[in-house]
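Written out below as structure tokens is the structure these notes cover.
The values are calculated or read from the model by the stated rules, or taken from the named source; none is laboratory data. The model shown is predicted, which means the values in this text are computed figures rather than measured ones. Reconstructed Cβ throughout: ideal geometry from the backbone, glycine too, with neighbour counts over all protein chains shown. These area figures cover heavy atoms from the full protein model, side chains too; ligands, DNA and RNA do not enter into them. Shrake-Rupley method; radii C 1.70, N 1.55, O 1.52, S 1.80 Å.
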Amino acid sequence: MEETQLVKRAQQREKGAFEHLMEVYAPRLQRIINAYALNKYDLEDIKQETIIRMFVSLPTLLHHRSFTSWMKKIAIHTSIDFYRKKDREIPIENVQEIKHSYKEESEHLLWIGQILDELNKRKSQILFLKIIDDYTFKQISHIVGLTESTVKSHYYGGIKKLKMILAAETIGEVQNMLETLKEKAVSMFSIPSSYDLLIEQDYSEEILFAWEDKGEETGFIVSFHPNGELLSYSRDMNHTHIHYAEEVLYEKALTFLHDQTNLCPSSFSNASPTFLTKSIRFEWIMKHNGYKIDNSSFFIDVSYDGYVINFKRYCTTLPRHFQQPQKEVHVEAVKDYLMKETSCNLFLSTSNNKGQLVYKIEPPFYSVEVDEFSLYPVKEDDLVLSKPLMSVNPSTETIEDMIGLTDKHECIRESKDPELRGKVFRKKNLTLVSSDKSVDSYMRERNEETIKIQYKENGKIKGIFSFETPPANLRKKCNRKQGYERALQFLEKVLPSYQTILRFGGVSYNTDESWVLVTFYLTSNIPFEYGGMINVSVCRKTLRIVYYMGPEIEVDKLLSLQEERPLISATKAKETLLSLLEVEAVWKEDEEKDCFIFHYQTNLLEPNFHSRMNAKTGDLLD
């Protein structure tokens, strides 16, 4: 499935879509985090937190952004935050810097005083003199009549006790806040009591809840700022065939804003509505000096039968710092440049489980800083080197043997969705108990100790994803060469003609060297748009196949496509595809510089822009 379609389905919270998205991008996400994690334990923690942040933020991903770039940005920031938090500890020695999360600043000193009252009289007196009055240890020793060393002993003993009190107080207040916001969500959106609470997560700046009715396969996702402002709302429901007019749906969006938020649409500029598969999106944007500010707006998706199914606000504070460009803005000149420099290339596409020849336009950039435009390099094609495969002795094992699936396993879930067809297995009598309602626990309960098999329409295996943990007492049995041979033996089972269509791409270990990662490239005289690479991962302890993703289409179809010829010329395709090209100047946030910078931005990645064309029929493709 093409990236944009899979992302759209996950954004609309279609069943199993996000899970499938994570399965497809798991190796790439792992490689990104590998560059930052110091050890395998940190890597797993960072990966789980990254997945959680992606799950929460996915509905806000704009269509002009690359999912891979967006995922990389979240993974990098999560990695940095992870180590920053590990190195940071609240300095109790300077309580003036402690900000009580849910207290007004005017109550701060009173709150500290109340905390100190819970200590014994001597420790309380010394801490008060040190923290509130800012006396030195020597000065305090004269005031209380004790030696300086005794004062220090009382002080640090009090600090230890104070930390325990602070932790207990914070936990209590967080629990109260969660309960209050959960009740608010249930009341605001009339969430039925029959729905199960799946997720209850505090992200410091965002509080997330999720409910599901498993029988009806419907649910709600709601998030708040700690101050109670609604940040996002998503509803997964069954729709009718009613189709209201755009004006009616717009009024429903305004009613939602009035009833459920403190946002004032008149303070923003209206963007043109976007017509999605199940809904129409109304978006309000913020501007500075007449130009759009990227990622500082809010949108509402209203289903065609009249229900608000998505709401998201991108920011809760107004942007303040804008870096004025040094160069003049020339939008038309940039558009002319793109019309000339954008390439139009022929690809073999395997999206939607069917093969076709497509033309695709590839511009030098989708967005670039105004001041860097003239220096921006023209995009170059990636060079992929590969070599023929080696020969190996066939294995006598079955596919089930090679992935570790035995009669001790049972099927716990099955999807018959044509594009997500598959089964999930777990060992019988293995019960996993969730410790809380966090996203982490929810994902762990669904994935931990499972083997997932994805099938093609004809019943053949398309993908393998194993989350089983090998026994700790086993030693690693294979090196890179042996892992490569094992991968070839597996390919002989699932892809018998692999020798004629694959070339070797590389072999390596993962971060903790527990897996051998083997890469292959599909052989083709026409480059692949997507899916030209096949990965097989082998567990070094058990020799089992723990990851595999095969080609999207059957081998015979793949070979026949390479003999076809386009009926539409590249010149005609480029002219047609670029006929709707638009360029605008927008403000985009630069987190490193902590300000907004002026960019030229195209509409080439907007949902309604067609960047692909069927090379035989001339049909425009999403």
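General observations
- Nonlocal amide H pairs with residue 191, under 5 Å, H built at 1.01 Å: none
- On a per residue basis, the range 391-530 carries 54 Å² of accessible surface, using protein heavy atoms and a 1.4 Å probe.
- Probe 1.4 Å, accessible area per residue of the range 551-615, Å²: 48 Å²
- Full-extension gain in nm, residue 608 to residue 340, via 0.36 nm per residue minus C-alpha separation: 94.3 nm
- Accessible solvent surface per residue of the range 200-317, calculated while the other protein chains remain in place, 1.4 angstrom probe, Å²: 46 Å²
- FRET efficiency estimate (nearest 0.05) - Cβ-Cβ, residue 266 to residue 431, R0 51 angstrom: 0.40
- Three-way shape call for the range 232-272 based on the alpha-carbon gyration tensor, with the a/c threshold at 1.5: oblate
- Listed values for the range 491-504 are Karplus-derived 3J(HN,Hα) couplings in whole Hz (6.51 cos²θ - 1.76 cosθ + 1.60, θ = phi - 60°), namely 4, 4, 7, 9, 9, x, 8, 4, 5, 8, 10, 10, 10, 5, and x replaces Gly and Pro.
- Cα gyration tensor, the range 528-622 - rounded (a/c under 1.5), prolate or oblate: oblate
- Residues whose amide H falls under 5 Å from that of residue 450, counting only those 5 or more places apart or on a different chain, are 467, 468, with hydrogens built in the peptide plane.
- Entries in 184/437; 184/287; 8/182; 72/588; 214/456; 456/574 that, when Cα-Cα distance is taken, lie over 23 Å: 184/287; 8/182; 214/456; 456/574
- Extension reserve of the residue 197-residue 413 stretch, reckoned as 0.36 nm per residue once the Cα distance is removed: 75.8 nm
- Contact order relative to length of the range 475-523, as percent, for alpha carbon pairs under 8 angstrom and 6 or more apart: 38 percent
- For the range 206-222, the Karplus equation 6.51 cos²θ - 1.76 cosθ + 1.60, evaluated at θ = phi - 60°, returns couplings of 8, 10, 10, 10, 9, 10, 8, 9, 5, x, 8, 6, 10, x, 10, 10, 9 Hz by residue, with Gly and Pro reported as x.
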